[in-house]
Amino acid sequence: DQQVKQNSPSLSVQEGRISILNCDYTNSMFDYFLWYKKYPAEGPTFLISISSIKDKNEDGRFTVFLNKSAKHLSLHIVPSQPGDSAVYFCAANTGNQFYFGTGTSLTVIP
Amino acid sequence: KAGVTQTPRYLIKTRGQQVTLSCSPISGHRSVSWYQQTPGQGLQFLFEYFSETQRNKGNFPGRFSGRQFSNSRSEMNVSTLELGDSALYLCASSLAAVRETQYFGPGTRLLVL
């Protein structure tokens, strides 16, 4: 049973525009959320996190939004750059383990 | 500071064999987690070790096992390999708590023929 879902397998965005990646979860016990970026032949790289006591966290071009009532997480990248082209995973934690989504492949078109 | 390292990077085995994968965490990190990544399934949690003890376990059969040494290095073993075990196996380390950010190694790509 997939407790963390990324329903869009892929997304294409023009360079300079906003990229919005979405993630839905089912377990209300999740209290810590992260986004990872993964390039081919490399392990996932940590991008940004958010605790369930917050609804927004920013780090440079990356902003994560958490809507607990909707059990929805999103990552905004502004402005998008060609180097952002990668697979993005969201992850959620209950305190025992991380649960990962299946990933969204982002392509930023120059 | 060196990142998480995994060896070997690639491995080809046949059904029924066993395999051992190795992971060296970031210096000072005491928690090591293992994940299996297959197409369309995302990362599936296998288990987590802390101070040489398995602290958490995912929903995988007993053919998957692991251990952690006193220097925090960890090994994962898969016995009686099946075709479905073909995957990328990722190791991640964190300082101590399960809820902390995990840092991943490059993974070991296992192909079972």
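Some values worked out for this structure:
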read-out	value
Cleavage-rule hits (trypsin sites (Lys or Arg not before Pro)) in segment B:1-99: DSSP loop, at most 12 neighbouring Cβ within 10 angstrom	B:K1, B:R9, B:R15
Charge dipole magnitude, Cβ of K and R +1, D and E -1 - chain A, Cα centre, debye nearest 20	120
Partners for A:K71 among lysines (Cα-Cα distance below 20 Å; same-chain residues under 8 apart left out)	A:K5, A:K54, A:K56
For chain B, convex hull of alpha carbons as volume per residue, Å³	93
Protein-only accessible surface order, largest first, of B:I12, B:I26 at 1.4 Å	B:I12, B:I26
Full-stretch length increase - A:A41, A:R17 - with 0.36 nm per residue and alpha-carbon distance subtracted	5.9 nm
Relative contact order computed over segment A:1-104 (Cα-Cα under 8 Å; 6+ residues apart), in percent	36
Candidate aspartates and glutamates for bridging to A:K68, where Cα separation is under 12 Å - those fewer than 8 sequence places away on the same chain excluded	A:D24, A:D31, A:D55
Solvent-accessible surface (1.4 angstrom probe) belonging to A:S69, in square angstrom, nearest 10	110
Residue of A:I18, A:I50, A:I77 that the Gaussian network model of chain A assigns the largest fluctuation, springs spanning Cα pairs under 10 Å	A:I18
Partners for B:K13 among lysines (Cα-Cα distance below 28 Å; same-chain residues under 8 apart left out)	A:K38, B:K57
Stokes-Einstein diffusion coefficient of segment A:1-62, Kirkwood radius over Cα pairs, 37 °C, 0.692 mPa s, in µm²/s	238
Prolate/oblate/rounded call for the protein assembly as shown, Cα gyration tensor, a/c under 1.5 rounded	prolate
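The values are calculated or read from the model by the stated rules, or taken from the named source; none is laboratory data. Just so you know, these numbers come straight off a predicted model, no measurement behind them. No Cβ is skipped: glycine too gets one built from the backbone with ideal geometry, and neighbour counts run over all protein chains shown. When the accessible area is computed, the model is the full protein with side chains, heavy atoms only, and any ligands, DNA or RNA have been set aside. Shrake-Rupley method; radii C 1.70, N 1.55, O 1.52, S 1.80 Å.
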